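What follows is a short report on a single structure.
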């Protein structure tokens, strides 16, 4: 299983969420995946933690080298997700010429909710909430913006020009303009009204 992320420029502090794929694509190992309700620890060797909400599209048909107009034949379902990153540690590791596959990710650095037809996500009004215990600290007043169908198809097709996509592979799309820092003792929720769709605790 491969996990493709498309927000490297945001991860290292650049500003565009739709930079050319060749500069923004990187891989996270499947060991990074985390289910809703789990916790992530900021360990002594880490320098901090930041987060970015994501749309996680799951491939359900193997393929390679197809055009964007055929891309929607290769996926049907998607899930809300949250990518976590120690951005300073990533930059330090890359400057030391560490293998990028090691530098980018750690266990539990990509939390993913339940997959459902992507049309259901488009019809929902979902927000992101950060809390300290039961105290809300930061809540998005606007629903999380989803990439257009054309953007998803363009990226899925572009990835398929480089890799053989297999059933179960995931392609992640950032749903924000920047990674935001988060402290230990805080929680992140993605919710639609009172319905919790994804929850992560930070220790």
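The values are calculated or read from the model by the stated rules, or taken from the named source; none is laboratory data. Keep in mind the model is a prediction, meaning the values are calculated, not measured. When we count neighbours, we look across all protein chains shown, and the Cβ atoms used for this are built from the backbone with ideal geometry, even at glycine.
Residues in segment 62-86 that are under 29 Å from residue 149 (Cα atoms) and under 21 Å from the mean Cα position of the chain (by Cα): 14 in all. Do you know which residues across segment 1-24 are assigned to a loop (DSSP other than H, G, I, E, B) and at pLDDT 80 or above? 1, 2, 6, 7 - these are the residues of segment 1-24 that are assigned to a loop (DSSP other than H, G, I, E, B) and at pLDDT 80 or above. Among the residues of segment 153-171, just one is part of a strand (DSSP E or B) and within 20 Å of residue 12 (Cβ to Cβ), namely 171. Checking segment 166-175 against the condition returns a match, with at least one residue being within 19 Å of residue 54 (Cα to Cα) and loosely packed, with under 14 Cβ neighbours inside 10 Å. Within segment 172-203, the residues that satisfy the criterion of being assigned to a loop (DSSP other than H, G, I, E, B) and out of contact with any helix residue (DSSP H, G or I) (no Cβ under 7 Å at 6 or more places or on another chain) are 175, 176, 177, 183, 184, 185, 193, 194, 203.
Reported count of residues in segment 176-196, each being within 13 Å of residue 38 (Cα to Cα) and in contact (Cβ under 8 Å) with a residue 60 or more places away in the chain, is 2.
Looking only at residues in segment 130-153 that are crowded, with 17+ Cβ neighbours inside 10 Å and within 27 Å of residue 69 (Cβ to Cβ), the one that is modelled with the lowest pLDDT is 144.
Across segment 179-195, the qualifying residues are those that are within 18 Å of the chain's Cα centre (by Cα) and under 18 Å from residue 55 (Cβ atoms), and the one among them that is surrounded by the most Cβ atoms within 10 Å (Cβ to Cβ) is 190. Remark: residue 117 matches the filter, which requires a residue to be in contact with a strand residue (DSSP E or B) (Cβ under 9 Å, 6 or more places away or on another chain), in contact (Cβ under 8 Å) with a residue 40 or more places away in the chain and farther than 27 Å from residue 202 by Cα. Just wondering, is there one or more residues in segment 25-34 that are more than 21 Å from residue 168 (Cα to Cα), at pLDDT below 90 and either surrounded by 17 or more Cβ atoms within 10 Å (Cβ to Cβ) or in contact with a helix residue (DSSP H, G or I) (Cβ under 7 Å, 6 or more places away or on another chain) (or both)? No, segment 25-34 contains no residue that is more than 21 Å from residue 168 (Cα to Cα), at pLDDT below 90 and either surrounded by 17 or more Cβ atoms within 10 Å (Cβ to Cβ) or in contact with a helix residue (DSSP H, G or I) (Cβ under 7 Å, 6 or more places away or on another chain) (or both).
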